[in-house]
Each structure stands twice: as C-alpha cells, then as structure tokens.
Amino acid sequence: MSQIFYKTDEEIEILRESCLLVGKTLAEVAKLIEPGADPLKLDRVAEEFIRDNGAKPGFKGYGGFPNTLCFSVNEQVVHGIPTERPLESGDVVSVDCGVVLNDFCGDSAYTFEVGEVDPEVKKLLQVTKESLYLGIEAAVSGNRTGDIGNAVQTHAESHGYGVVRELVGHGLGRSLHEGPEVPNYGKRGRGKQLKRGLTIAIEPMINMGGKAVKQLNDGWTIVTRDGKPSAHFEHDVAIRDGKADILSSFEEIEKVLENKK
Ligand code: MG
Ligand code: MG
C-alpha cells in the first residue's frame, strides 16, 4: 500500500471533523433503515447530508465507485453498490461511508439490522463490533499492526467465525487510503510499529462461516464464498501516547437505533 503520513495534533483535529461527519451521516441513514427501504434513496440522503455539511462524498468516483455509500447486504462483505432491491426484514446491511472535508477523509462503517434478525446473525454483529474495540485497545503507541490484527482475529475465531484476509484497514488522512495496511489477522509483535500521529482505520470484516470471499462481476461487491452473512464495523483512530483516540463515533447512530426500539 501507499506511504505513511504522521499527523500533527492540529491535523488530527481537522481529521476528527471529517470522521465525526461520517458518523452523523450514518445516523441519518440509520433513521431510514427498515423493511421496504430503498437503498438508492438512502444513498441520495447520505450524499445530500454530506454536501449540506460542506463536504464531499469520499467514495463517489473513487476508483470509479458509483455511489456515496457502500451498501453490503447479508453475504456481501464490503464494497456493495446500492441497488433498487428494497431491504427486507431479516437482512443485515453494512453501510460504509467516506467524506472529504477540509481536505481530510473520514471513513467509517456500521452494520445494521433490518426488522427481525436471526439471533445467530445478531451475535455475529455483536462479536464483530467487540472485535473492533479489542483491536482499538491494542492500537497503542509502541505496539504493531499485528497486535491489532491478532486482537481482532482471536476474538472472532473464538466464536468460530471467519476473518477476511483480502481486505484490510489502512492509514487515512489527506487520502482515503494511506499506509500502513492494518489487517484483521496477524501475530503479536509483527507488522508496522504504531507511533504517535499515525491515523488509521480499523475495520474488521467478519464472516459467520468461512473466511473465503470473492468479487462479483460488477467489479466491486465482495461476497462470502459460502453465502453466509458477514459483518463490518469501522472506526478511525489516532495513535497517541497510551490509548488510541477514536476520531469517528457511533454515538449518533446508536442514539437513533435506541429511539427506534
Ligand atoms: Mg470504510
Ligand atoms: Mg476503510
């Protein structure tokens, strides 16, 4: 992957604004997620919200991606393209969103339940989110990317889930994808060392079944080979002395979800 850029405290604060805007955008999407919802409409709502906030969608046009949101339903792992197919009760959908604000890119993802979801699938979502936070706990200055990956992998595999290998987390800042790569698997003490000022996206992609994935003919959508569901949660963090500083937020999203109950 590409070059690593360490950020100043000032740059991190600018980046934080971008990351927080992604969370707010995902919260707008969360309000509309229900059986019958039209993914293309959600995509339009997200784009409008981002532009109303003085930012630009980070994914639209990136490498030719057609939309504002990556919208990955059920066995789709990541990079799904929103379609007209309405959401159905029992679906789970990973919504990944990027923005560019003041030249800095935020990138965060959340997997949502649609209507009544099978308890086994709910568990997959819960464990994937837990594995994200365990990865973040390991993102301490002096540790290495392998410590993050190991934390994610150990937790996911302890539940019998498959950890996707082909797609990984990444540095981010003025570019959506900077170095280093941040795999969701690995050995402790291996990989790139984490230093103060490094800003990275940690994003476990966890499959209920096997770890194998493939890409669909659309050139984007990644699906599980066994057709079983997959989940994806992503936060952006800054490496500090001691604990990582989480720049993105699920707070607004989870407020919306709480109010829908
Ligand atoms: Mg993302
Ligand atoms: Mg990412």
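Here is what passes the span test in the chain: the DSSP H helices with alpha carbon length of 18 Å or more along the helix axis and a Kyte-Doolittle mean of -0.5 or above are 9-32, 119-137.
Among residues other than Asp96 with Cβ under 13 Å from its Cβ, the summed charge is -4 (Lys and Arg +1, Asp and Glu -1). Comparing Ser158, Ser94, Ser108 in a Gaussian network model of the chain (Cα springs below 10 Å), the most mobile by mean-square fluctuation is Ser158. Residues in the stretch 56-212 average 38 Å² of solvent-accessible surface per residue, probe 1.4 Å, ligands and nucleic acids excluded. What shape does the chain take by its C-alpha gyration tensor, where a ≥ b ≥ c are the square roots of the eigenvalues and a/c under 1.5 counts as rounded, a/b above b/c as prolate, and the rest as oblate? Because a/c hits 1.5 or more and a/b fails to exceed b/c, the chain counts as oblate. For Cys19, the accessible area of its heavy atoms, probed at 1.4 Å with every protein chain present, is near 0 square angstrom. Label-to-label distance, His159 versus Gln3, with points set 7 angstrom from Cα along the beta-carbon direction: 3.9 nm. Considering only Val77, Ala30, Val213, the residue lying farthest towards the positive end of the dipole of the stretch 9-260 is Val213, judged by Cα position with unit charges set on Cβ.
If you take the square roots of the eigenvalues of the alpha-carbon gyration tensor of the stretch 91-130 and sort them as a ≥ b ≥ c, do you get rounded (a/c under 1.5), prolate (a/b over b/c) or oblate? The shape class here is prolate. With a Förster radius of 25 Å applied to the C-beta separation of Asp218 and Glu34, the computed FRET efficiency comes to 0.45.
Over the stretch 9-260, Cα pairs under 8 Å with separation of 6+ residues give a relative contact order of 23 percent.
The values are calculated or read from the model by the stated rules, or taken from the named source; none is laboratory data. What you see is a predicted model, and the numbers here were worked out from it, not measured in a lab. Reconstructed Cβ throughout: ideal geometry from the backbone, glycine too, with neighbour counts over all protein chains shown. To get the accessible areas, we keep the full protein, side chains included, count just its heavy atoms, and leave off ligands, DNA and RNA. Shrake-Rupley method; radii C 1.70, N 1.55, O 1.52, S 1.80 Å.
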